[in-house]
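Engineer: Before we start, here is the structure in question, set down as structure tokens.
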Amino acid sequence: MINSSLKQLGEMLQAKKISSVELTQTFLDRIQQYNPNINAYIALDEGKTLAQAKAADARIAAGNVAPLTGIPIAQKDIFCAKGWQTTCGSKMLANFIAPYDAHIITQFDAAGAVNLGKTNMDEFAMGSSNETSYFGGVKNPWSFDRVPGGSSGGSAAAVAARLCAAATGTDTGGSIRQPASLCGFTGLKPTYGAVSRFGMIAFASSLDQAGPMAKSAEDCALMMNVMAGFDERDSTSLNREKEDYTRDLYNSNQAKPLQGLKVGLPKEYFSEGLDANVGNVIEAAIAEYKNLGAEIVDISLPNTGLSIPVYYVLAPAEASSNLSRYDGVRYGHRAAEYTDLMDMYNKSRAEGFGAEVKRRILIGTYVLSAGYYDAYYLKAQQIRRLIAQDFVEAFKKCDVIMGPAAPSTAFKAGEKVDDPVAMYLQDIYTISTNLAGLPGMSIPAGFAQSDDGVSLPVGLQIIGNYFDEARMLNVAHQYQQVTDWHTRMPAGLE
Amino acid sequence: MEWEVVIGLETHTQLKTNTKIFSGASIKYGAEPNTQACEVSIALPGVLPVLNKEAMQCAIKFGLAINAHIAPRSVFARKNYFYPDLPKGYQISQFELPVVGKGAVTIQVPAVGKNAAYEKVVNITRAHLEEDAGKSVHGAVEGMSGIDLNRAGTPLLEIVTEPDMRSAAEAVAYAKKLHELVQWIGICDGNMQEGSFRCDVNVSVRPKGSEKLGTRREIKNLNSFKFMTQAIEYETRWQIETLEDGGTIQQATVLFNPDTGETRAMRSKEEANDYRYFPDPDLLPLVISEADKDAVRAQMPELPEAMKARFEAQYALSSYDANALTTSRDLANYFVATVEAGADAKQSANWVMGTLAAKLNAEDTSISDSPINAQQLAQLLKRISDNTISNNAAKQVFEALWNVEGSVDDIIAAKGLKQESDSGAIEAIVDEVLAANAAMVEEFKAGKEKAFNALVGQAMKASKGKANPTQVNDILKKKLS
């Protein structure tokens, strides 16, 4: 049951072979067994979760069923969910109970899905290893001394360890795709504006995008059907017609289902900095795509090297402003003792935020300051447009772009915490899609040996054009019809 | 040395929308603290702003009213600073690309002393949309400061002038004109006590004839025209005295203390915040199409200047009368309604600006709350014109109307104020008066013109004031000639 796809679970529920309460209890039991060690969840509330499962069973009994009705989903702790502790991985919000629902929470509720709990994450989604979380690091289920990636590390570990049927994540610079690569599952960052950001705690507003984290592309498509869609409460939500993301999945049984698909390989994604073993796995995956009928095209994204510097100007700039609301005045952490208003601000923020968050607030404040704004912020915005233009040119030559999602397999906890730049380089292949607003996904493509001889998952990244998620999901799905990487599960968690 | 004062104004006008500029919370004044503070007003984690289209329409209205450039694309920016009443830690405003660009307002500067009244054009630099902050409340809870976020997110249009004004009188004339205009076009209720219309005044002085601007100080948050006059005059004197004493002016923000009549520096430029403005990534650029402008234009009321010109042409009013009648839309509408109900235009203008205005003023009420409506006033004026009542009797009817004693005709009947216009009856009275006052008749015939007036008075008295004075005059003249 824990390895079943969302579609299979839905069918079992609707056929009343299992109840939502039974399914939910199965996962709650697994969480109880494994979570103390893995630390994928920050908040659990069995009462609330089982009440939702009961309600789902009643819906099923009444015949009022949607594809995800009764299925337990883990929610990244960046989404406000009414009555739930919503911390964003920070001491600042450790005591915050959300009084309202994020748009996607409302959507999952309406679909009859069950909220299994709130998953661990890097503090305010700032990190690539989940090590900046106030609630402690998360273990990679494939190798417990390694990180799951970040910032959606809790959701990643929960999906990989089968502590949920599927999970949500958010991706500002790679926070869905890099953990998907490091934990061996399928994760999609949709086009900017496809999923409403309402109720999703902001890190960098122009880059943040929520998306599904699940075992397969088909699961992600079903999740997208719930998550995506116009929401007037988010001014950057795009007013497009609701689409069925599964629409391309089931209609190609021929030998070469991807015949005619042009796959672009950016040379910049296969150069220095890419782990050789990871590179081999990606090349093998590309070869498999050729077997499926795809045509390989060499392309270039010349400004790729600028994406990290640009990102580390723009994202901290927005974050420095977005995080100003955490001042200890209305909610969240307030220092116990202070002498005056300024002292209260200083102490509350000094105590409430961790080192990485402070580092980014400082960077962001600096680049927006009078005298530096033009040289940093404005310049970065100009380069951001060049990076987006690179993709416009690339998509004239190909339908999708492929490459690694992360430069290495999962690294050991503690290995990069003291070297922010090495940590930032984890997102070298993912950040430019956020800057361009494009959709990107990571799918399991095999395993690579680490230096110490551990076999670890590797993710293949697929980048599509704006609103081309349905096609990307099919491109991933066809690969998953002829490979079984996405069905692999870490040993010892059965 | 002769000095010249240079003044520019920044006015925060609170827009008369139903809800806040970026959320659906009410902006009604005077509610219990924090009862109008929704998730967005409190700046809970995860909330997002959505522009209230009404605020955009108000900005377009203002742009059209001052004949300004309305930006087809303007940008909301974040102004970052920490303050307890600023829940997000930034104010959403507009910085580099405001919604309204350059425009102009024509002001009438009243006569002061031996200086005659004159007209002047004040150039508007820009007007931009922004949200208001909340309020700090001290002392409501013993030993603590409270925050009321009801006002947080209230839509404001900040209107900025060029440094075009050269006296307190000009600055106040501009502020009054702007105050009238924003109410006229219906974008602001103009309530200065409740903070709906607040002025920041930039004042600097320079030697007369100098082209270079002096260092300015900004007087914050003036909420009455009287204080504005006092503050500018004090600040101007202070700056001149400081310079004449060999001092220099530091750029600063100052507050006016109405109790002492003085201005005092709040913070200097060095302590000023670096607001780290940048475009708000949560909001798309504000795009205003020709169709948006046309839609607002279709709802625009006739503007005061146009109405003034029309009054002069259509009703043959003097420029002075037409101007006075177009100082507020309610006043102008009342006047037009009076004329449309059949009253003579000149007579209506005189009564509206004379008897009615005096009464409204004495009773401290506004024309929209007048107990006498335009139709009633018109009826009263018609009864004067058709000789039913005299001007004097009309004053009594006016008082009775004010006290809601009934219709014009009922009051005339009840009080027996109808004029005697039957020439036979008047002739009989005149004959009696002539017979009884032979001495006066002799005096008149001997050339004493005053005796004629005395005879008119006698006739009026004999008719108990009801005789039509014009007829009495005519008949007397005829009989005495």
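Engineer: Please list, by residue number, everything in the range A:300-320 whose backbone N is under 17 Å from a paramagnetic label point 7 Å out along Cα→Cβ of A:GLU393.
Structural biologist: So the set is A:300-307.
Engineer: Indicate, rounded to the nearest 5 percent, the antiparallel portion of the DSSP beta bridges found entirely in the range B:3-292. The partial results should precede the final answer.
Structural biologist: Values: 59 of 63 bridges.
Taking every DSSP beta bridge within the range B:3-292, about 95 percent pair in antiparallel fashion.
Engineer: Å³ per residue of the Cα convex hull, for the range A:350-462?
Structural biologist: Working: hull volume 16.1 nm³, N = 113.
Cα-based convex hull of the range A:350-462, divided per residue, equals 142 Å³.
Engineer: Which value, in debye to the nearest 20, describes the size of the charge dipole of the range B:123-263 about its Cα centre when Lys and Arg Cβ atoms bear +1, Asp and Glu Cβ atoms bear -1, and nothing else is charged?
Structural biologist: Numbers: 15 positive and 22 negative charges, 72 e Å.
The calculation lands at about 340 debye.
Engineer: Another question, then. Average partner chain C-beta neighbours within 10 Å, per residue of B:46-55? Don't jump to the answer; show the numbers that get you there.
Structural biologist: Working: counts 16, 10, 14, 3, 7, 1, 0, 0, 0, 0.
Mean number of neighbouring Cβ atoms from other chains: 5.
Engineer: Using Cα pairs under 8 angstrom and six or more residues apart, how large is the relative contact order of the range B:273-397, in percent? Intermediate values should be presented prior to the final figure.
Structural biologist: Working: 75 pairs, mean separation 23.8, N = 125.
Relative contact order, the range B:273-397: 19 percent.
Engineer: May I ask you to order A:285-297, B:222-234 by the average number of other C-beta atoms within 10 Å around their residues, highest value first? Could you put the intermediate results ahead of the total?
Structural biologist: Working: A:285-297: 16.8, B:222-234: 19.2.
Highest-to-lowest ranking by the protection proxy: B:222-234, A:285-297.
Engineer: How are the C-alpha pair distances of the range B:302-415 spread across 10 Å bins, as whole percents from the shortest bin up?
Structural biologist: Histogramming the range B:302-415 at 10 Å steps yields 14, 48, 30, 8, 0 percent.
Engineer: Out of residues 5 or more away from B:ILE124 or on other chains, whose amide H comes under 5 Å of its own, with H placed 1.01 Å from N in the peptide plane?
Structural biologist: Here the answer is B:GLY103, B:ALA104, B:VAL105, B:GLU162, since their amide H atoms fall under 5 Å of that of B:ILE124.
Engineer: So what's chain B giving for Rg/Rh, alpha carbon basis, Kirkwood Rh from the mean inverse pair distance? Kindly include the intermediate steps, with their values, before the conclusion.
Structural biologist: Numbers: Rg = 30.0 Å, Rh = 26.8 Å.
Expressed as Rg/Rh, it is 1.12.
Engineer: Can you compute the helix-only [θ] at 222 nm over chain B? Use -39500 (n - 2.57) per DSSP H run of at least 4 residues, normalise by all residues, nearest 500 deg cm²/dmol. If you can, show how the numbers build up before the last one.
Structural biologist: On the way: 17 runs with 187 residues, N = 481.
That comes out to -12000 deg cm²/dmol.
Engineer: To the nearest 20 Debye, how big is the dipole of chain B about its Cα centre, given +1 on the beta carbon of each Lys and Arg and -1 on that of each Asp and Glu?
Structural biologist: Numbers: 52 positive and 63 negative charges, 142 e Å.
In total the dipole reaches around 680 debye.
Engineer: What is the mean number of Cβ atoms from other protein chains located within 10 Å of the Cβ atom of each residue in peptide A:323-335, rounded to a whole number?
Structural biologist: Working: counts 2, 11, 10, 3, 8, 1, 11, 9, 4, 1, 0, 0, 0.
Per residue, the number of nearby Cβ atoms from other chains is 5 on average.
Engineer: Provide, for q = 0.06, 0.07, 0.09 Å⁻¹, the log10 of I(q)/I(0) from a solvent-free Debye sum over equal Cα point scatterers in the protein assembly as shown.
Structural biologist: Results for the protein assembly as shown at q = 0.06, 0.07, 0.09 Å⁻¹ read -0.58, -0.72, -0.99.
Engineer: Sticking with this one: Can you list the lysines whose alpha carbon is less than 19 Å from that of A:LYS48, not counting same-chain residues fewer than 8 positions off?
Structural biologist: Those lysines meeting the cut-off are A:LYS76, A:LYS82, A:LYS118.
Engineer: Compute the distribution of all C-alpha to C-alpha distances in the range B:1-127, in bins of 10 Å from 0, and list the percent of pairs in each, rounded to whole numbers.
Structural biologist: That works out to 10, 31, 29, 18, 10, 2, 0, in percent per bin.
Engineer: Once the mean 1/r over all distinct Cα pairs of the range A:183-274 is inverted, what Kirkwood radius in angstroms do you read off? Before the final figure, lay out each step's value.
Structural biologist: Values: mean 1/r = 0.0636 Å⁻¹.
Hydrodynamic radius (Kirkwood, Cα only) of the range A:183-274 equals 15.7 Å.
Engineer: Right, something else. Sorting check: for B:299-309, B:374-384, which peptide has the highest mean count of neighbouring beta carbons within 10 Å, and how do the rest follow?
Structural biologist: Details: B:299-309: 15.6, B:374-384: 21.2.
Order by mean packing, descending: B:374-384, B:299-309.
Engineer: Calculate the spin-label point distance for A:ALA55 paired with B:ASN387, positioning each point 7 Å from the Cα along the beta-carbon direction, and give it in nanometres.
Structural biologist: Taking the simple label geometry, B:ASN387 and A:ALA55 are separated by 8.5 nm.
Engineer: Let me ask something else. As a check on your grasp of the helix formula, calculate [θ] at 222 nm for chain A: sum -39500 (n - 2.57) over DSSP H runs of n ≥ 4, divide by the residue count, round to the nearest 500. Working shown, then result.
Structural biologist: Details: 15 runs with 178 residues, N = 494.
Rounded to the nearest 500, it is -11000 deg cm²/dmol.
Engineer: Can I ask one more? How many angstrom separate the Cα center of the range B:217-244 from the Cα center of the range A:287-317?
Structural biologist: For the range B:217-244 versus the range A:287-317, the Cα centre distance is 61 Å.
Engineer: Can you report the principal axis dimensions of chain A using only the alpha carbons, biggest first, rounded to whole angstrom?
Structural biologist: Result, largest extent first: 72, 54, 49 Å.
Engineer: Rounded to whole Å, give me the distance from the Cα center of the range A:36-91 to that of the range B:406-458.
Structural biologist: Here the two parts' Cα centres lie 98 Å apart.
Engineer: Given points 7 Å out from each Cα along the Cα-Cβ axis, report the A:ALA255 to B:VAL141 separation in nanometres with one decimal.
Structural biologist: 7.6
Engineer: Return the loop-located chymotrypsin sites (Phe, Trp or Tyr not before Pro) in the range B:269-353 (DSSP other than H, G, I, E, B) with at most 10 other Cβ atoms within 10 Å of their own Cβ; answer none if there are none.
Structural biologist: Values: sites: B:TYR275, B:TYR277, B:PHE311, B:TYR315, B:TYR320, B:TYR334, B:PHE335, B:TRP351; in loops: B:TYR275, B:TYR277.
The qualifying sites: there are none.
Engineer: If you average the C-alpha positions of the range B:293-372 and of the range A:377-398 separately, how far apart do those two centres end up, in angstrom?
Structural biologist: Using only Cα atoms, the two centres lie 60 Å from each other.
Engineer: Per residue of B:36-45, what is the mean number of Cβ atoms on other protein chains within 10 angstrom of that residue's Cβ? All intermediate terms of the calculation are to be shown ahead of the outcome.
Structural biologist: Working: counts 0, 1, 1, 7, 1, 0, 5, 7, 11, 23.
Taking the mean over all residues of the peptide, I get 6.
Engineer: Next up: Ordered by packing density, taken as the mean number of other Cβ atoms within 10 Å over each peptide's residues, highest first, how do A:173-186, A:460-473 rank? Before the final figure, lay out each step's value.
Structural biologist: Numbers: A:173-186: 33.9, A:460-473: 23.3.
For the peptides A:173-186, A:460-473, the packing ranking is A:173-186, A:460-473.
Engineer: Go through the range A:6-23 residue by residue and turn each phi into a ³J(HN,Hα) via Karplus (6.51, -1.76, 1.60, θ = phi - 60°); whole Hz please, and just put x for glycine and proline.
Structural biologist: Residue by residue, the range A:6-23 yields 4, 5, 4, 4, x, 5, 4, 5, 5, 7, 6, 6, 9, 9, 4, 4, 4, 4 Hz.
Engineer: For labels at A:THR26 and A:PHE144 in the simple 7 Å Cα→Cβ model, what's the distance in nm?
Structural biologist: In this crude spin-label approximation the distance works out to 2.4 nm.
Engineer: Mind sorting B:HIS128, B:HIS179 by how few other Cβ atoms lie within 10 Å of their own Cβ, fewest first?
Structural biologist: B:HIS179, B:HIS128
Engineer: Set Lys and Arg Cβ to +1 and Asp and Glu Cβ to -1, take the dipole of the range B:302-415 about its Cα centre, and tell me which of B:MET307, B:ASN392, B:ALA324 lies farthest positive.
Structural biologist: Of the options given, the answer is B:ASN392.
Engineer: Assign unit charges at the C-beta atoms only (+1 for Lys and Arg, -1 for Asp and Glu), then state the dipole size of the protein assembly as shown relative to its Cα centre in Debye, rounded to the nearest 20. Walk me through the numbers on the way to the answer.
Structural biologist: Numbers: 95 positive and 115 negative charges, 172 e Å.
That gives a dipole near 820 debye.
Engineer: Mind listing the phi-derived Karplus ³J(HN,Hα) values for the range B:121-129, rounded to whole Hz, using 6.51, -1.76 and 1.60 with θ = phi - 60°, and x for any glycine or proline?
Structural biologist: 9, 9, 7, 9, 6, 5, 9, 10, 7
Engineer: Which whole-number percent is the relative contact order of the range B:3-292 (Cα, under 8 Å, 6+ apart)?
Structural biologist: Working: 654 pairs, mean separation 72.2, N = 290.
Normalised by residue count, the contact order of the range B:3-292 is 25 percent.
Engineer: Zone of A:LYS16 (label point 7 Å along Cα→Cβ, backbone N under 13 Å): which residues in the range A:80-120?
Structural biologist: Answer for the range A:80-120: none.
Engineer: Once you order the gyration tensor axes a ≥ b ≥ c over the Cα atoms, which shape class does the range B:211-250 get: rounded for a/c under 1.5, otherwise prolate or oblate by comparing a/b with b/c?
Structural biologist: Note, shape of the range B:211-250 comes out prolate.
Engineer: Once Lys and Arg get +1 and Asp and Glu get -1 on their Cβ, which of B:ASN191, A:LEU292, B:PRO155 lies farthest toward the positive end of the dipole of the protein assembly as shown?
Structural biologist: Comparing the listed Cα positions along the dipole, B:ASN191 ranks first.
Engineer: Got the relative contact order for chain A handy, in percent, Cα pairs under 8 Å and 6 or more residues apart?
Structural biologist: On the way: 1199 pairs, mean separation 87.2, N = 494.
About 18 percent, as a whole number.
Engineer: With the cut-off at 19 Å, tell me which of the pairs A:LYS189/A:LYS267; A:LYS16/A:LYS54; B:LYS16/B:LYS79; B:LYS346/B:LYS478 have Cα atoms farther apart than that. List each step's numbers first, then the result.
Structural biologist: Working: A:LYS189/A:LYS267 22 Å; A:LYS16/A:LYS54 13 Å; B:LYS16/B:LYS79 23 Å; B:LYS346/B:LYS478 31 Å.
Too far apart for the 19 Å limit: A:LYS189/A:LYS267; B:LYS16/B:LYS79; B:LYS346/B:LYS478.
Here, each number is a calculation from the coordinates, and none is a lab measurement. Only a predicted model underlies this, so the values are computations on that prediction, with no experimental measurement involved. All Cβ positions, even for glycine, are placed from backbone atoms using ideal geometry, and neighbour counts span all protein chains on display.
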